[in-house]
Number of protein chains: 2
Amino acid sequence: MVQKHDAFSVGFDIGGTNIKIAVLTPKRGIHRFWTVSQPRPLPEEVLATIDDALRIAGHKGSGFRSPVRGVGVGCAGLIDANSGSVIESPNLPQWKHVPLADLIHQRTGLPTTVRNDADVFALAEWKLGTARKKTDVVFVTLGTGVGGALLINGHLYHGAGFAGELGHATVKLDGPRCSCGNRGCLESLVGSGAIVRRARRYLAVDGGKRRKSYCPASLTPELISDAARHGEQWAVRTFAETGRILGIALAGLANTLSPELFVIGGGVSRAGTWLFRPARDAMIGAMLGKARAIPRVLPARLGNKAGAVGAALFHLEDE
Amino acid sequence: MVQKHDAFSVGFDIGGTNIKIAVLTPKRGIHRFWTVSQPRPLPEEVLATIDDALRIAGHKGSGFRSPVRGVGVGCAGLIDANSGSVIESPNLPQWKHVPLADLIHQRTGLPTTVRNDADVFALAEWKLGTARKKTDVVFVTLGTGVGGALLINGHLYHGAGFAGELGHATVKLDGPRCSCGNRGCLESLVGSGAIVRRARRYLAVDGGKRRKSYCPASLTPELISDAARHGEQWAVRTFAETGRILGIALAGLANTLSPELFVIGGGVSRAGTWLFRPARDAMIGAMLGKARAIPRVLPARLGNKAGAVGAALFHLEDE
């Protein structure tokens, strides 16, 4: 017979092209992790994928003793953390005000938590990754979107609403138009789209010095990272400038919030030292006063597992 | 015989040109408030002024029962809140690492707290002013410098060091040089200096339409406020643009921290509706998503008494 304290927790990370699934042991070990390809799924399709995953984890439906104690879901966009509703999501354009936590609970009988992607990322990195045992941390996710989450006095902080959307603080007044409609947000300067546009400009200028041939139209942050590792100067410069802007934004956050640590994750962060070194240098250069505590700037540790693992963690302990 | 719970608390607000002093009753009433002119005082001079004020409040030195239960001091600059040392202060250029709390305690025998000016402002507005009974508030002080303080879950928040320096978050990448050495900080765009420069530009352009004659060299934020009230368009435009930039910065803070409320104080905030209306409009226009909680933007209530009153409050109750 399975006792509650012996049971697994299952986490889902709903992205734009696939759903990542993690089954965690009671001691927070990763028992299983896998990915299901499901581009822009409808709610029905997500529910079916969750059913399948719970069956794999040994759950037989409500009314039975289950080796699963709870379900966690992380999802980009506006999530009402109290009700577990997806208000809107860039990955799920057809979803509007979907009470996802209620729908999952009705089908499975399991306690269910739905949070935004930055929250589950932060929880994973806090409990199992780079930010272990810290109390005051700013988490930043760099990808198509730029998001974040705040750990304040050892608690994830939401303020009066949806705190943590640091990708939508203006860094360049009257700067480029952002996906949110505002101008000059951090996301408009260091999101994937901005990085690719910057790389195309440097690629055009550095034309003659290139070692390999690159097609401007097919550049992605991953490709630019690879090119930087191969010594392509246009790619190194792309991340140097991206890192500089990121670092200046981190300095503003450091002056405002004074965290112990920044944890930087998301696909773009895989550029590694090409991005982190200029970011750290720019942050230190732009921060106030020498007497202040300079926060560390470190990469996230759990990689593409962070979302699903963090979602599962909601049912292993309180935040 | 005076009981501790009956005793007064005395607060000092050390500015660049004078020291403001408040004596608070145990029930947080303002028993006395006065100002002593003392430009750029040395530590000795501040200590003498504090002695005088305590005598006025009835304190006779250590060893006697005193009607004063504690001393609070607020001061601009870098203050170590734990030790009560003034590390450095723009108002007190000769002070470096002065252990002010210890010095006062040695002379008076009274419990003493020294905090930065934004902290004492925030405490006053939280306990007695605009932010009463709120738990999540961003306080902004607008003057020569632009500072702030954060109320998070009902506690003033300092993070790992000196949180709240929101005047030194970059709003305009590679923008004008700031007093801190960085470029494009909020302070470099909405501090007194920036407002005066902006007003001079608009004054030059609007030249023919002026109703009264204004000397560009003698403009101050107060004068520009007066001119706006008298319908001078160059002055109205100055605060409209200043408010727009402030509002865009508030939107970034709102997206990041999601406070219930912004409380705006400091000398520049006396421009009132000429500043607050464009700030609110720009904030709402630049904030993410319609579903989010839109914070209120309200003026501080205690005016020039906030610093001294807030400093005294530290000894009437826990933060």
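Tally the residues that are more than 14 Å from every other protein chain (Cβ to nearest Cβ) and aliphatic (A, V, I, L, M), restricting the search to region A:212-250.
Result for region A:212-250: 9.
For region B:4-43, name all the residues that are open to solvent by less than 70 Å² (accessible area, probe 1.4 Å), part of a loop (DSSP other than H, G, I, E, B) and closer than 15 Å to B:Cys75 by Cβ.
Listed by number, the residues that qualify are B:Gly15, B:Gly16, B:Gln38, B:Pro41.
Which condition number does A:Thr256 fail, the rest of (1) surrounded by fewer than 22 Cβ atoms within 10 Å (Cβ to Cβ); (2) in contact with a helix residue (DSSP H, G or I) (Cβ under 7 Å, 6 or more places away or on another chain); (3) at the interface with chain B (Cβ under 7 Å from one of its Cβ atoms) being met?
Of (1) surrounded by fewer than 22 Cβ atoms within 10 Å (Cβ to Cβ); (2) in contact with a helix residue (DSSP H, G or I) (Cβ under 7 Å, 6 or more places away or on another chain); (3) at the interface with chain B (Cβ under 7 Å from one of its Cβ atoms), only one is false for A:Thr256: (1).
Under the condition of being within 14 Å of another protein chain (Cβ to nearest Cβ) and hydrophobic (A, V, I, L, M, F, W, C), which residue from region B:62-99 is most open to solvent (accessible area, probe 1.4 Å)?
In this case the residue turns out to be B:Ala81.
Collect the residues in region B:215-228 that are surrounded by fewer than 19 Cβ atoms within 10 Å (Cβ to Cβ) and either without any contact (Cβ under 8 Å) to a residue 40 or more places away in the chain or touching a Leu at 6+ places or on another chain (Cβ under 8 Å) (or both), keeping them in residue-number order.
B:Cys215, B:Pro216, B:Ala217, B:Ser218, B:Thr220, B:Leu223, B:Asp226
Part of a strand (DSSP E or B) and in contact (Cβ under 8 Å) with a residue 24 or more places away in the chain: is that true of B:Val46 in this structure?
So B:Val46 does not fit the description; no.
Checking B:Leu250 against (1) open to solvent by 20 Å² or more (accessible area, probe 1.4 Å); (2) out of contact with any Gly (no Cβ under 9 Å at 6 or more places or on another chain), which test does it fail?
Checking B:Leu250 against (1) open to solvent by 20 Å² or more (accessible area, probe 1.4 Å); (2) out of contact with any Gly (no Cβ under 9 Å at 6 or more places or on another chain), the one that fails is (1).
Condition test on B:Arg237, is it under 27 Å from A:Asn255 (Cα atoms) and without any contact (Cβ under 8 Å) to a residue 40 or more places away in the chain?
It is false that B:Arg237 is under 27 Å from A:Asn255 (Cα atoms) and without any contact (Cβ under 8 Å) to a residue 40 or more places away in the chain.
How many of the residues in region A:259-273 are within 11 Å of chain B (Cβ to nearest Cβ) and open to solvent by less than 20 Å² (accessible area, probe 1.4 Å)?
Residues that pass the stated criteria total 2.
Among the listed residues B:Thr256, B:Thr273, B:Thr220, B:Thr242, identify the single one that is polar (S, T, N, Q), under 27 Å from A:Arg177 (Cβ atoms) and out of contact with any Lys or Arg (no Cβ under 7 Å at 6 or more places or on another chain).
On inspection, the qualifying residue turns out to be B:Thr256.
Does region B:196-207 contain any residue that is open to solvent by less than 40 Å² (accessible area, probe 1.4 Å) and within 9 Å of another protein chain (Cβ to nearest Cβ)?
no
Might you let me know whether region B:66-86 holds any residue that is modelled with pLDDT of 90 or more and part of a loop (DSSP other than H, G, I, E, B)?
yes
Condition check: touching a residue at least 60 places away in the same chain (Cβ under 8 Å) and within 19 Å of the chain's Cα centre (by Cα). Does A:Gly84 satisfy that?
Here the answer is no, as A:Gly84 does not meet what is asked.
Counting just the residues of region A:138-169 that are in contact with a Cys (Cβ under 8 Å, 6 or more places away or on another chain) and open to solvent by 10 Å² or more (accessible area, probe 1.4 Å), which one comes out nearest to the other protein chains (Cβ to nearest Cβ)?
Here the residue is A:Ala169.
Could you grab me the full set of residues in region A:274-314 that are within 14 Å of another protein chain (Cβ to nearest Cβ), touching a Leu at 6+ places or on another chain (Cβ under 7 Å), in contact (Cβ under 8 Å) with a residue 24 or more places away in the chain and open to solvent by 20 Å² or more (accessible area, probe 1.4 Å)?
A:Arg296
Based on what the data block shows, is A:Ser66 among the hydroxyl-bearing types (Ser, Thr, Tyr) and farther than 21 Å from A:Gln38 by Cβ?
Spelling it out, A:Ser66 is indeed among the hydroxyl-bearing types (Ser, Thr, Tyr) and farther than 21 Å from A:Gln38 by Cβ.
For A:Leu173, only one of the following conditions fails: (1) free of Cβ contacts under 8 Å to residues at least 40 places away in the same chain; (2) more than 10 Å from chain B (Cβ to nearest Cβ); (3) in contact with a helix residue (DSSP H, G or I) (Cβ under 8 Å, 6 or more places away or on another chain). What is its number?
Going through (1) free of Cβ contacts under 8 Å to residues at least 40 places away in the same chain; (2) more than 10 Å from chain B (Cβ to nearest Cβ); (3) in contact with a helix residue (DSSP H, G or I) (Cβ under 8 Å, 6 or more places away or on another chain) one by one, A:Leu173 breaks only (2).
Counting only residues that are crowded, with 21+ Cβ neighbours inside 10 Å, away from chain A (no Cβ under 14 Å) and among the acidic types (Asp, Glu), which one in region B:100-137 is nearest to the chain's Cα centre (by Cα)?
Restricting to residues being crowded, with 21+ Cβ neighbours inside 10 Å, away from chain A (no Cβ under 14 Å) and among the acidic types (Asp, Glu), the top hit is B:Asp117.
Only residues that are more than 22 Å from A:Gly16 (Cβ to Cβ) and in a loop (DSSP other than H, G, I, E, B): list them for region A:87-116, please.
Answer for region A:87-116, where residues must be more than 22 Å from A:Gly16 (Cβ to Cβ) and in a loop (DSSP other than H, G, I, E, B): A:Gly109, A:Leu110, A:Pro111.
Suppose we keep only residues that are away from chain A (no Cβ under 14 Å) and in contact with a helix residue (DSSP H, G or I) (Cβ under 6 Å, 6 or more places away or on another chain) within region B:183-195. Which one would you say is least open to solvent (accessible area, probe 1.4 Å)?
Looking at residues that are away from chain A (no Cβ under 14 Å) and in contact with a helix residue (DSSP H, G or I) (Cβ under 6 Å, 6 or more places away or on another chain), I get B:Ile195.
Based on what the data block shows, is A:Leu156 outside any loop (DSSP other than H, G, I, E, B), of a type outside the set (Lys, Arg) and within 25 Å of A:Asp281 (Cβ to Cβ)?
no
Suppose the filter is closer than 24 Å to A:Lys172 by Cβ and without any contact (Cβ under 8 Å) to a residue 12 or more places away in the chain; does B:Arg197 pass it?
yes
The values are calculated or read from the model by the stated rules, or taken from the named source; none is laboratory data. The structure displayed is predicted, hence computed values, not measured ones. All Cβ positions, even for glycine, are placed from backbone atoms using ideal geometry, and neighbour counts span all protein chains on display. Just the protein is used for accessible areas: all its heavy atoms, side chains included, with ligands, DNA and RNA removed. Shrake-Rupley method; radii C 1.70, N 1.55, O 1.52, S 1.80 Å.
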